[in-house]
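The values are calculated or read from the model by the stated rules, or taken from the named source; none is laboratory data. Keep in mind that what you see is a predicted model, and the values were worked out from it rather than measured. Here the Cβ positions follow ideal geometry from the backbone for every residue, glycine too, while neighbour counts run over all protein chains shown. Just so you know, the surface numbers come from the protein's heavy atoms only, side chains and all, with ligands and any DNA or RNA stripped out. Shrake-Rupley method; radii C 1.70, N 1.55, O 1.52, S 1.80 Å.
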Amino acid sequence: MEGRIVVFGATGYTGMRTARALADQGVRPVLAGRDAEALAALADELGGLETAYADATEPRTVRALVERDDVLVTTVGPFLRYGQAALEAAVDAGAHYLDTAGESLFVREVFEGYGVKASSALLPSFGYDYVPGNLAGALALDRVGEDAVRVDVGYFVGGGSLVRGLSAGTLDSAPGLLATRMYTYQDGVVDERRSRVRNFEMAGRSRMGVSIGASEHFTLPSSHPGLREVNVYLGWFGAATHVAARLPRGRATAAVIRVCGGGLARLARRRAGKGTLTSRIVAAAYDADGSLLTEVHMSGGDPYDFTAGILAWGARQAACGMTETGALGPVAAFGLSELEAGCAMAGIARVTG
């Protein structure tokens with residue numbers, strides 16, 4: 001292993017899981033954050049790891065975390081509010097970068113703004129958002145080749161209660177995910193003023209998703225230049241999907257969701273335990289006449305367990321050296337078969353039969 005791995009936000013919900021996953025795989029990451037006492041306790045638990053103070057509101061402390069060829073893993077969100085410090089630190093240092101951002105505008109900023117000037121590999125949204133959809137889409141497109149001009153990807157979470165199952169960080173990030181300007185891919189990345197809904201048939205039942213901006217809009221066309229349309233849908237809201245789709249994009253909606261999300265986050269913190277969540281992802285490829293060519297289904301367990309596992313796997317791969325630089329999708333960074341193996345190790349695998 002060439003570079004160090006630094007986990008920024010190591011005492012948060014996802015960061016702590018990621019640090020433990022790395023330690024379980026025999027890696028000794030540097031644990032970074034702003035709570036020295038919590039960092040010391042986690043470091044002792046994981047065998048005496050190195051710790052470092054860093055606060056996203058003090059960019060110089062984040063910049064001090066990494067040098068060239070290090071790997072910076074950040075789980076500090078909401079990323080639209082706190083993500084820039086880690087992203088700029090990695091680009092400035094020439095360190096490889098992985099984050100857990102699901103917020104559409106931040107993802108777009110990484111690909112359109114920072115990717116062109118990075119001398120290292122930037123891997124945004126390297127968690128349940130949006131690695132398995134990238135994999136499912138790439139597998140579907142690889143199966144049908146140049147006949148495909150459109151691919152639709154859907155993400156669904158089942159089991160348990162939404163409030164009990166989602167972390168406070170996810171709830172705090174909801175305004176950036178749902179209320180800001182969305183985009184899609186139609187012969188290029190274009191703004192989408194209003195969301196759309198569509199149904200996916202999964203495991204014998206119809207599941208509805210609402211359209212979102214995601215990393216697939218940037219990554220799948222770059223690997224499959226014949227694609228003219230990429231759509232990504234989120235199916236977290238059940239019967240409320242139509243309501244979510246009708247919400248106008250803008251500051252007023254962001255304020256409403258932020259207030260509601262904050263209340264849900266506080267409720268989630270007070271309630272003991274978490275719901276048992278499961279993951280289901282589907283990618284459907286279509287030809288120029290709109291006929292379905294193929295579908296790839298993937299399933300697994302808790303999305304947070306998957307995120308920690310795939311972050312640990314990706315960080316280890318990146319620490320061994322990267323041949324590609326700039327903003328990358330997971331397939332371009334690691335290869336299709338390698339990524340499928342990594343996802344299976346982290347808990348999400350292709351459904352067969």
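If the condition is being farther than 18 Å from F126 by Cβ and of a type in the set (S, T, N, Q), then segment 47-90 contributes T51, T57, T61.
If you go through segment 142-155 and keep only what is touching a residue at least 12 places away in the same chain (Cβ under 8 Å) and out of contact with any helix residue (DSSP H, G or I) (no Cβ under 7 Å at 6 or more places or on another chain), you end up with R143, V144, E146, D147, V149, R150, D152, G154.
If we keep just the residues of segment 1-24 that are of a type outside the set (D, E) and over 21 Å from the mean Cα position of the chain (by Cα), which is nearest to L311 (Cα to Cα)? Looking at residues that are of a type outside the set (D, E) and over 21 Å from the mean Cα position of the chain (by Cα), I get A23. Screening A318 against (1) open to solvent by less than 30 Å² (accessible area, probe 1.4 Å); (2) outside any helix (DSSP H, G or I) leaves a single unmet condition, (2). Can you find a residue in segment 26-38 that is of a type in the set (A, V, I, L, M), in contact with a Ser or Thr (Cβ under 7 Å, 6 or more places away or on another chain) and over 19 Å from A319 (Cβ atoms)? Checked segment 26-38: at least one residue is of a type in the set (A, V, I, L, M), in contact with a Ser or Thr (Cβ under 7 Å, 6 or more places away or on another chain) and over 19 Å from A319 (Cβ atoms). Cβ-Cβ distances below 6 Å connect the following pairs, each with a first residue in segment 328-353 that is outside any helix (DSSP H, G or I), a second residue that is of a type in the set (S, T, Y), and a separation of six or more residues or different chains: G329/T219; I348/S279; V351/S299.
Residue count for segment 48-60 under the criterion of being open to solvent by less than 50 Å² (accessible area, probe 1.4 Å) and part of a loop (DSSP other than H, G, I, E, B): the result is 4.
Yes or no, residue by residue, for (1) among the aliphatic types (A, V, I, L, M); (2) not in a strand (DSSP E or B):
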| position | (1), (2) |
| --- | --- |
| V6 | yes, no |
| G15 | no, yes |
| L22 | yes, yes |
| R28 | no, yes |
| A32 | yes, no |
| D44 | no, yes |
| V62 | yes, yes |
| L65 | yes, yes |
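Whenever a residue of segment 3-28 is under 13 Å from V76 (Cα atoms), its partners that are surrounded by fewer than 19 Cβ atoms within 10 Å (Cβ to Cβ) and modelled with pLDDT of 95 or more, lying with C-beta atoms within less than 6 angstrom and at least six residues away or across chains, give the pairs T11/D35; T11/A38.
Restricted to segment 77-93, and to residues there that are in contact with a helix residue (DSSP H, G or I) (Cβ under 9 Å, 6 or more places away or on another chain) and open to solvent by 30 Å² or more (accessible area, probe 1.4 Å), the residue that is nearest to A312 (Cα to Cα) is G77. Checked against the criterion of being in a helix (DSSP H, G or I) and either at pLDDT below 90 or open to solvent by less than 50 Å² (accessible area, probe 1.4 Å) (or both), the candidates A214, A255, A284, A272 yield just one match: A255.
Can you find a residue that is crowded, with 24+ Cβ neighbours inside 10 Å, β-branched (V, I, T) and part of a strand (DSSP E or B) anywhere in segment 123-145? No; the residues of segment 123-145 include none that is crowded, with 24+ Cβ neighbours inside 10 Å, β-branched (V, I, T) and part of a strand (DSSP E or B).
Which residue, of L80, L123, is at pLDDT below 95 and not acidic (D, E)? Before you say what the answer is, go through the steps one by one.
Working: L123 fails: at pLDDT below 95.
Unique residue meeting the criteria: L80.
Here's the yes/no breakdown for (1) over 15 Å from the mean Cα position of the chain (by Cα); (2) aliphatic (A, V, I, L, M):
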| site | (1), (2) |
| --- | --- |
| G33 | yes, no |
| A40 | yes, yes |
| G48 | yes, no |
| E67 | yes, no |
| A89 | yes, yes |
| D92 | yes, no |
| Y97 | no, no |
| A101 | no, yes |
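Scan segment 94-119 residue by residue and report those that are of a type in the set (S, T, Y), surrounded by fewer than 22 Cβ atoms within 10 Å (Cβ to Cβ) and in a loop (DSSP other than H, G, I, E, B).
Keep residues of segment 94-119 that are of a type in the set (S, T, Y), which gives 97, 100, 104, 114, 119.
Next, only the ones that are surrounded by fewer than 22 Cβ atoms within 10 Å (Cβ to Cβ) stay: 114, 119.
Matches in segment 94-119: S119 only.
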